[in-house]
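A short worksheet on the structure shown next.
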Amino acid sequence: MGGNGHKLLTAEREQRIMQLLRDAEVVTVSAISAALGMSEATVRRDLQAMHERGLLERVHGGAAIKQESKPEPLFSDKEGQFSAEKQRIATTALTLIRDHDTIFLDGGSTVLMLARLLDSFKALTIVTNSLMAAAQLMESPHRLILTGGEFRAISRTLVGPLSSPILKNIVVDKAFMGTMGFTTSDGMSTTDANEAYTKTQVMERARQVILLADRSKLGSSSFVTCGSDWRLDVLVTDAIDAKMRQELEERETRVIVAGKNAGAKIKADTTRRNR
């Protein structure tokens, strides 16, 4: 269709629409139709569905950025927020790793804390799009693979479609993910469409998806969701309300709350999903 060379899938259309909104803040139906090579009727259906999920605001003739979306702080500021809780979460997440695992490390300050704790393992294969994690691990004995992609300064990550050639050709045992927000209706969300695109790609190539998120992230949404049908195998957090925990457990998501004794041994979940 149009100049795309193929019919875009729903998830691809949503990613492209969110990128157009990020660039212009307000975009008309006709502009989206021209940019994506799709009918205006399809654009309107997509915009309405995205509006109902809280991803954008419908305005006359088009769509606008959802103004109440949580802004993203600088990476240096993130590191200082909930630092004690993040350290407990990272220490707990460490117990889910086994020697010789192949793991993915996402961007984010909690995942970076996990990267700093990997010295005790032997022969891990670590794939990451985080330049902060890569810098931490560049002198480690582990095998280190960077995804490539467009550099995103605020998160210090490599993101977007240019990361696909690496990600589509690998499978990782465990993907340790960060997020700006998480709800049981939409899953993980972030402020940037390219970052959401890469997170979605990673989760599709992981046998086990593990979210590291302190309590400030739970129950809140950011600008764009990571995939239209979210999946989460394990949530490691410092606190969670009973309702969300029940909802997650009904979806067969394992919930681990990192307490003050976060260094205690937690039996690693070695379940492997066929992807």
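The values are calculated or read from the model by the stated rules, or taken from the named source; none is laboratory data. All of these numbers come straight from a predicted model, not from anything done at the bench. So basically every Cβ, Gly included, is an ideal-geometry build from the backbone, and we count neighbours across all protein chains shown.
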Subject >> First in the stretch 206-229 and over 21 Å from F104 (Cβ atoms), second anywhere and modelled with pLDDT under 85 and surrounded by 22 or more Cβ atoms within 10 Å (Cβ to Cβ), Cβ under 8 Å, 6 or more apart >> reply: F223/M18; F223/L55
Original post:
Is there a residue in the stretch 40-61 that is in contact with a strand residue (DSSP E or B) (Cβ under 6 Å, 6 or more places away or on another chain), without any contact (Cβ under 8 Å) to a residue 24 or more places away in the chain and not assigned by TED's automatic domain parsing to the domain that holds F223?
Top reply: yes
**OP:** Give the stretch 200-226 a look and list any residue that's aliphatic (A, V, I, L, M) and in a strand (DSSP E or B), or say none.
**Re:** A206, V209, I210, L211, L212, L218, V224
Original post:
Yes or no: H100 over 22 Å from the mean Cα position of the chain (by Cα), modelled with pLDDT under 90 and not charged (D, E, K, R)?
Top reply: no
Subject >> Residue check, V127 out of contact with any Leu (no Cβ under 7 Å at 6 or more places or on another chain), of a type in the set (V, I, T) and not in a helix (DSSP H, G or I) >> reply: yes
Original post:
Counting only residues that are within 18 Å of R13 (Cα to Cα) and of a type in the set (A, V, I, L, M, F, W, C), which one in the stretch 189-227 is modelled with the lowest pLDDT?
Top reply: F223
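Yes/no per residue for (1) modelled with pLDDT of 95 or more; (2) assigned to a loop (DSSP other than H, G, I, E, B); (3) closer than 24 Å to Q201 by Cβ:
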| position | (1), (2), (3) |
| --- | --- |
| Q87 | no, no, no |
| T92 | yes, no, no |
| L96 | yes, yes, yes |
| A134 | yes, no, yes |
**OP:** Taking the residues in the stretch 147-159 that are out of contact with any helix residue (DSSP H, G or I) (no Cβ under 6 Å at 6 or more places or on another chain) and without any contact (Cβ under 8 Å) to a residue 40 or more places away in the chain as candidates, determine which candidate is farthest from I170 (Cα to Cα).
**Re:** A153
Subject >> Output for the stretch 1-34, where each listed residue is under 18 Å from R58 (Cα atoms) and modelled with pLDDT of 90 or more >> reply: T28, V29, S30, A31, I32, S33
Original post:
Somewhere in the stretch 9-28, is a residue over 27 Å from the mean Cα position of the chain (by Cα), assigned to a helix (DSSP H, G or I) and either over 14 Å from Y197 (Cα atoms) or not small (G, A, S) (or both)?
Top reply: no
**OP:** May I ask you to verify whether R152 is more than 10 Å from the chain's Cα centre (by Cα) and within 19 Å of S109 (Cβ to Cβ)?
**Re:** yes
Original post:
Considering only residues of the stretch 26-40 that are out of contact with any Ser or Thr (no Cβ under 7 Å at 6 or more places or on another chain) and of a type outside the set (G, A, S), which is nearest to E12 (Cα to Cα)?
Top reply: L36
